[in-house]
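Enquirer: My questions all concern the structure below.
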Amino acid sequence: MNSIKAIRGMNDILPSAVGAWQSIERQMRTLLASFGYEEIRPPIVERTELFRRSIGEITDIVEKEMYTFDDRNGDSLSLRPECTASIARAAIQSGLLRTPGQRVWAMGPMFRHERPQKGRYRQFHQLDVEILGIADASAEAELIVMSRRLWRMLGIDDPVLEVNSLGDRTIQKRYRKELVEYFSSRSAELDDDCRRRLQTNPLRILDSKNPAMQPLIEAAPRIVDRLDPAALGHFERLEAMLGEAGVEYRINPRLVRGLDYYTGTVFEWTTDALGAQSAVCGGGRYDDLIADIGGSASPAIGFAIGLERLVALLELSGVEPSIPVPHAYLAGIGEAGERSAHAVAERLRDAISDLRLIVDAESASLKAKLKRANRSGARFAFLLGEEEIRDGALTVRDLRKDTPQSSISLEGISALIAAADAAPTPALPDH
RNA sequence: GUGGGCGUAGCUCAGCUGGUAGAGCCCUGGAUUGUGGCUCCAGUGGUCGAGGGUUCGAAUCCCUUCGCUCACCCCA
């Protein structure tokens, strides 16, 4: 019982699951490229200061969820809890913002020290997509349309899209004050949770799931009613574009979001299929962030997709991602066959590009090796013993068909593999 | 940090009110000395999460603790 285990909330993605991940990642890359987005890879560790200034000092993420430690020189560093701040930092640092309209994405692990539960882990993975330097609502529309295309591409049911506008900082500040006044006047009716939020992040009261709070929240002032003409115009323009594109959405005046940097449009794709963690994709505009962390003011917008949640959705949808099985399993037979197996395999690999070949040159019975061949999922078993060495050929068994085995020269193998790649692989005869 | 559920073989689990640990799957070998999948036979594998207590005797009852999981909080 003293074996070392993985850290709580940090999971191995095992070979049996990795097919789904690769399939999702591949399709995402294809989609992003088709929209003209370029990959960026910021480091996983940043100065703690970056997250404090971007995400916000009094957010849960910064207050209690970051993996923070001192570097050897005393600098406070943190594992990234999200990726937007890092991308913004990188863009400022390397001058990407000199050309507006940067479309970038990043994918990788994020870290938050929360209690794990279904769909929420301490190390989790996100795809982050950002448009830097475009203030127009067309950027919002583009990201939303692209994410919808992703759901369809993956073959999962469209999640529900919720949209809201938070207005700019001035509007937010005024609204927050109004909200605090409203809830303070009714603080006797608030539950403990909401009373706490009143002090920390009053907007989040709107998010409360407590049914008893609903009437109070319903009657609260709504930020959509406090937007100025510019913000309203922006939001209406987005609605028009979504309408034209046939995107279904719901305006949720209570959609706030837990990071401080959001201004203007925010949105979330949610599902009720994943238990309590309903957000599959969330994002919004952050027009002030870049200036906040020291860049010259530049509008920006982005979203993040939770890959664990997407993988879970894909499983629920019953889509079976095809994982590449080996073309062949080469079994050396007897001392001579085992000795030359790797040499023959190398000749095959030289001759056939992208050949997927497992070599079994262990000292074991042929029976055992054929068993392993079958288990490997390979289409063919190649047998190499003294006879084959003498004939300069391989004995080939089709593991998916009941046809008799045959002797094929090394030259003939490449036609065999090409033919197998061209035709759909037959399923295993019995299970 | 708080609350619920659960910890028995690699996996899925059985083991009733205490009597000294089992099945299926997987894996290995054999039936087939160079021939897989199906079948049959045999076998490997467990300090019953850990520690303590009650008892002649604990996987089973009690206490403590650790882990997993779901939910709250928050979010992808």
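Enquirer: Among the residues of the range A:305-321, are any under 18 Å from residue A:131 (Cα atoms) and near RNA strand B (Cβ under 10 Å from one of its atoms)?
Expert: To start, the set of residues in the range A:305-321 that are under 18 Å from residue A:131 (Cα atoms) comprises A:305.
Add one more test, that the residue is near RNA strand B (Cβ under 10 Å from one of its atoms), and what stays is A:305.
Scanning the range A:305-321 turns up at least one residue that is under 18 Å from residue A:131 (Cα atoms) and near RNA strand B (Cβ under 10 Å from one of its atoms).
Enquirer: While we're on this one: Give A:399, A:370, A:394 a once-over and let me know the one that is surrounded by 13 or more Cβ atoms within 10 Å (Cβ to Cβ) and over 14 Å from residue A:359 (Cα atoms). It would help to see each step written out before you state the result.
Expert: Values: A:370 fails: over 14 Å from residue A:359 (Cα atoms); A:394 fails: over 14 Å from residue A:359 (Cα atoms).
Answer to the selection: A:399.
Enquirer: Could you figure out which of (1) near RNA strand B (Cβ under 7 Å from one of its atoms); (2) in contact (Cβ under 8 Å) with a residue 60 or more places away in the chain; (3) under 30 Å from residue A:174 (Cβ atoms) isn't true of residue A:279?
Expert: With respect to (1) near RNA strand B (Cβ under 7 Å from one of its atoms); (2) in contact (Cβ under 8 Å) with a residue 60 or more places away in the chain; (3) under 30 Å from residue A:174 (Cβ atoms), residue A:279 is out only on (2).
Enquirer: Test each condition in (1) within 23 Å of residue A:285 (Cα to Cα); (2) assigned to a helix (DSSP H, G or I) for residue A:19 and report the one that comes out false.
Expert: Here residue A:19 clears every test but (1).
Enquirer: Which of the residues belonging to the range A:15-30 are surrounded by fewer than 18 Cβ atoms within 10 Å (Cβ to Cβ) and away from RNA strand B (no atom under 16 Å from the Cβ)? Explain how you work it out, then say what you get.
Expert: Taking the range A:15-30 first, the residues surrounded by fewer than 18 Cβ atoms within 10 Å (Cβ to Cβ) are A:15-19, A:21-22, A:25-27, A:29-30.
Residues satisfying the conditions are A:18, A:19, A:22, A:26, A:27, A:29, A:30.
Enquirer: Quick one: count up the residues across the range A:91-139 that are free of Cβ contacts under 8 Å to residues at least 24 places away in the same chain, closer than 29 Å to residue A:238 by Cα and of a type in the set (Ser, Thr, Tyr).
Expert: The qualifying residues number 0.
Enquirer: May I pose another question? Go through A:320, A:335, A:315, A:388 for me and flag whichever is acidic (Asp, Glu) and at pLDDT 95 or above. If you could, list the steps in order and put the result at the bottom.
Expert: Details: A:320 fails: at pLDDT 95 or above; A:335 fails: at pLDDT 95 or above; A:315 fails: at pLDDT 95 or above.
Step by step, each of A:320, A:335, A:315, A:388 is checked, and only A:388 is acidic (Asp, Glu) and at pLDDT 95 or above.
Enquirer: Still on this structure, I have one more. Do you know which residues across the range A:148-195 are buried (at least 20 other Cβ atoms within 10 Å of the Cβ), free of Cβ contacts under 8 Å to residues at least 40 places away in the same chain and among the aromatic types (Phe, Trp, Tyr)?
Expert: A:183
Enquirer: Somewhere in the range A:286-299, is a residue assigned by TED's automatic domain parsing to the domain that holds residue A:54, under 22 Å from residue A:31 (Cα atoms) and more than 9 Å from RNA strand B (Cβ to nearest atom)? Outline the logic, then answer.
Expert: Narrowing the range A:286-299 to residues assigned by TED's automatic domain parsing to the domain that holds residue A:54: A:286-299.
Right, trim to under 22 Å from residue A:31 (Cα atoms) and you get none.
So far as the range A:286-299 goes, no, none of its residues is assigned by TED's automatic domain parsing to the domain that holds residue A:54, under 22 Å from residue A:31 (Cα atoms) and more than 9 Å from RNA strand B (Cβ to nearest atom).
Enquirer: Additional query: Condition first: surrounded by 12 or more Cβ atoms within 10 Å (Cβ to Cβ), part of a loop (DSSP other than H, G, I, E, B) and of a type in the set (Asp, Glu). Now tell me which residues in the range A:352-367 satisfy that.
Expert: Listed by number, the list holds a single entry, A:362.
Enquirer: Looking only at residues in the range A:44-61 that are within 13 Å of RNA strand B (Cβ to nearest atom) and of a type in the set (Ser, Thr, Tyr), which one is farthest from residue A:93 (Cα to Cα)?
Expert: Among them, the one singled out is A:59.
Enquirer: Still on this model: Using beta carbons and a limit of 9 Å, which pairs, at least six apart or on different chains, have the first residue in the range A:390-401 and in the same structural domain as residue A:344 (by TED's automatic domain parsing) and the second one surrounded by 18 or more Cβ atoms within 10 Å (Cβ to Cβ) and hydroxyl-bearing (Ser, Thr, Tyr)?
Expert: Matching pairs, first to second residue: A:399/A:329.
Enquirer: Continuing with the same structure: Exactly one of (1) within 8 Å of RNA strand B (Cβ to nearest atom); (2) more than 18 Å from residue A:326 (Cα to Cα) is unmet by residue A:398. Its number?
Expert: (2)
Enquirer: Evaluate the range A:243-251: report whether one residue or more is in contact (Cβ under 8 Å) with a residue 24 or more places away in the chain, in contact with a strand residue (DSSP E or B) (Cβ under 8 Å, 6 or more places away or on another chain) and under 27 Å from residue A:91 (Cβ atoms). Explain how you work it out, then say what you get.
Expert: Of all residues in the range A:243-251, those in contact (Cβ under 8 Å) with a residue 24 or more places away in the chain come to A:245, A:247-251.
Okay, now just the ones that are also in contact with a strand residue (DSSP E or B) (Cβ under 8 Å, 6 or more places away or on another chain), so A:247-251.
Subset that is under 27 Å from residue A:91 (Cβ atoms): none.
Checking the range A:243-251: not a single residue is in contact (Cβ under 8 Å) with a residue 24 or more places away in the chain, in contact with a strand residue (DSSP E or B) (Cβ under 8 Å, 6 or more places away or on another chain) and under 27 Å from residue A:91 (Cβ atoms).
Enquirer: Which residue is farthest from RNA strand B (Cβ to nearest atom), if the candidates are limited to the range A:358-391 and must be over 22 Å from residue A:420 (Cβ atoms) and of a type in the set (Gly, Ala, Ser)?
Expert: Checking each candidate, the answer is A:361.
Enquirer: Looking at the range A:33-45, is at least one residue touching a Phe, Trp or Tyr at 6+ places or on another chain (Cβ under 7 Å), in contact (Cβ under 8 Å) with a residue 60 or more places away in the chain and part of a strand (DSSP E or B)?
Expert: The answer is yes, given that some residue of the range A:33-45 is touching a Phe, Trp or Tyr at 6+ places or on another chain (Cβ under 7 Å), in contact (Cβ under 8 Å) with a residue 60 or more places away in the chain and part of a strand (DSSP E or B).
Enquirer: So which residues in the range A:325-351 are farther than 27 Å from residue A:16 by Cα and either among the acidic types (Asp, Glu) or not in a helix (DSSP H, G or I) (or both), if there are any at all?
Expert: A:332, A:333, A:335, A:338, A:346, A:350, listed by residue number.
The values are calculated or read from the model by the stated rules, or taken from the named source; none is laboratory data. Computed from a prediction, not measured in an experiment: that's the story for all the values here. As a convention, Cβ positions derive from the backbone with ideal geometry for all residues, glycine included, and neighbour counts pool all protein chains shown.
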